[in-house]
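The block underneath contains the structure these notes are about, expressed in structure tokens.
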Amino acid sequence: MSKSIHKLIDEQIKRWEMGSKKQVPIQEKIEIITISRESGSNGYKLAKQLCLKTGFDLFHHEIVDAMVEKSKNSRTLLETLDERGMNIVDDIVSNFVNEHHLWTDEYSKLLFQILSTIGKHGNAIILGRGANCVLHGQNILRVRLVAPENMRRNNIQKSLDLNKDDAKKNMVSTDANRAAFVKRYFNCDTTDASNYDLVINTGALSVEKAIQIITCAITPN
């Protein structure tokens, strides 16, 4: 795990610990955005810009997996919740596992707990890791980003400096791996639109337009 990821996690824990000492009134606004994306659909770029727009913290797969790894030997992350919050997280994990008939290993159980902990704290954008499958409720917006294959391949070709064939192989492989991950740990289908609240085609809409739509969707009436 890189030092920068370690530092990000430690800083996040401190923010959560400080926040838990404050009495925050119950709000009915959206405080969590999950983003699932097709490879090459500008998901990371959109998530980064959306964080700047909303002030939310970004949790991408490297940070989430690092949190899971850290939690194998320490309960510091989970203990940022009070006792009631921790019980709710345990209930979410238990209910999800039972509902979807999942056989959990250590990684999946910790992943459920970490995603649920992030969800309880709020003010977060979670990029990938099947967060939309675990987190549900009125304060969550589940977004799926898609784009035409040619556009996605071209984006990957430019960002990774690949030829067309290798870019397509990378795209297909990445999408297959993400779909397999979500199916294995959550028994969910990444392509099923009913698993999302909002599906955006970034081939038809710019990242800036997509951010405007998402911002509008999370703004209280």
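Derivation of every value follows stated rules applied to the coordinates shown; laboratory data play no part. Since the structure is predicted, the reported quantities are computational estimates derived from the model, not experimental observations.
Provide the three semi-axes, in whole Å and in decreasing order, of the ellipsoid equivalent to segment 155-221 as defined by the square roots of 5 times the Cα gyration tensor eigenvalues.
On the way: eigenvalues 141, 85, 13 Å².
The answer is 27, 21, 8 Å, longest axis first.
For segment 120-185, what number results from the quotient of the Cα radius of gyration and 2.2 N^0.38 Å?
After normalising by residue count via 2.2 N^0.38 Å, the value is 1.38.
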